[in-house]
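Following: one structure in structure tokens, then a few remarks.
The values are calculated or read from the model by the stated rules, or taken from the named source; none is laboratory data. What you are looking at is a predicted structure, and each value in this text was computed from that prediction instead of being measured. Methodologically, a virtual Cβ is constructed for each residue, glycine included, from the backbone with ideal geometry; neighbour enumeration extends over all protein chains shown.
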Amino acid sequence: MDKKTEELRDIFIDVADSDTVTESQEESRGSLVSEPEIEERLEELISEMRDRYGFNTELTDEELCFLLEAVYDGYTDDEVADELDISADTVLRARLDLHLVRESDTETEFNVEEFRRRATAEDVSDEALAIEFNLTSDEVSHYRQIVEAQDESRRANDRYRDEFASLLDDADISGSLTGHATEDGLDDATEGMETDVSF
């Protein structure tokens with residue numbers, strides 16, 4: 001176990017009030033968030049997002065709170081997956097459900113913005129995208145999830161991600177997660193889109 005993983009484990013043990021890290025997924029795991037009012041607000045936001053968008057995983061609110069703080073603390077998907085005893089792909093899908101797109105998610109050999117424009121065009125199949133961008137079908141699905149999360153976040157004016165950052169008070173958040181969609185070169189591509197700011 002490396003130092004970073006040990007730190008994550010120690011934090012988890014502190015807040016879970018238990019020395020058992022791997023337990024059955026049905027049991028409560030607690031949250032890394034120590035302030036009850038912050039945890040309550042995080043769970044309210046998660047519930048709101050779940051109702052608004054629908055989530056692609058069955059993780060509990062507590063597990064999602066844990067994932068949120070771990071991501072904002074700079075832990076990798078693999079490290080979070082190990083702690084929650086789930087797959088890294090499940091962590092990725094949960095992270096994107098919460099509009100948390102890492103900078104590394106968009107570090108590719110092809111133009112992600114061009115992919116986004118093509119992926120959101122009518123009548124463009126996964127097969128066509130795979131050929132055009134020299135990707136496998138799994139990679140097309142992966143990058144579709146990423147650009148869809150970016151678009152969802154933009155339509156909400158990055159409200160959820162910004163409030164998560166404010167609640168978790170992480171000064172280094174800009175170092176690991178992508179900036180506002182307007183800084184990702186999405187202005188032109190989404191010009192004229194209706195912005196939904198009703199909550």
message = With the requirement that a residue be in a helix (DSSP H, G or I), closer than 17 Å to Asp51 by Cβ and out of contact with any Leu (no Cβ under 7 Å at 6 or more places or on another chain), what does the stretch 152-165 give you?
response = Glu152, Ser153, Arg155, Arg159
remark   = Given (1) part of a helix (DSSP H, G or I); (2) hydroxyl-bearing (Ser, Thr, Tyr); (3) in contact with a helix residue (DSSP H, G or I) (Cβ under 8 Å, 6 or more places away or on another chain), Thr108 misses just (1)
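Identify, please: which residue in the stretch 53-79 is touching a residue at least 40 places away in the same chain (Cβ under 8 Å) and in a helix (DSSP H, G or I) and is, among those, nearest to Gln145 (Cα to Cα)? Give the derivation first.
Taking the stretch 53-79 as the starting set, the residues that turn out to be touching a residue at least 40 places away in the same chain (Cβ under 8 Å) are 53, 55-57, 66, 68-75, 79.
Narrowing the set further to residues that are in a helix (DSSP H, G or I) leaves 53, 66, 68-72, 79.
On the way: Tyr53: 13, Phe66: 22, Leu68: 18, Glu69: 21, Ala70: 21, Val71: 18, Tyr72: 20, Glu79: 21 Å.
It comes out as Tyr53.
Does any residue of the stretch 78-94 turn out to be in contact with a strand residue (DSSP E or B) (Cβ under 9 Å, 6 or more places away or on another chain) and buried (at least 20 other Cβ atoms within 10 Å of the Cβ)?
First, pick out the residues of the stretch 78-94 that are in contact with a strand residue (DSSP E or B) (Cβ under 9 Å, 6 or more places away or on another chain): none.
There is no residue in the stretch 78-94 that is in contact with a strand residue (DSSP E or B) (Cβ under 9 Å, 6 or more places away or on another chain) and buried (at least 20 other Cβ atoms within 10 Å of the Cβ).
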ask   = Out of curiosity, is Ala94 among the small types (Gly, Ala, Ser), without any contact (Cβ under 8 Å) to a residue 12 or more places away in the chain and more than 10 Å from Val147 (Cα to Cα)?
value = no
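If you check Ala94, Ala149, which single one turns out to be touching a His at 6+ places or on another chain (Cβ under 9 Å), in a helix (DSSP H, G or I), modelled with pLDDT of 95 or more and closer than 30 Å to Glu39 by Cα?
Ala149
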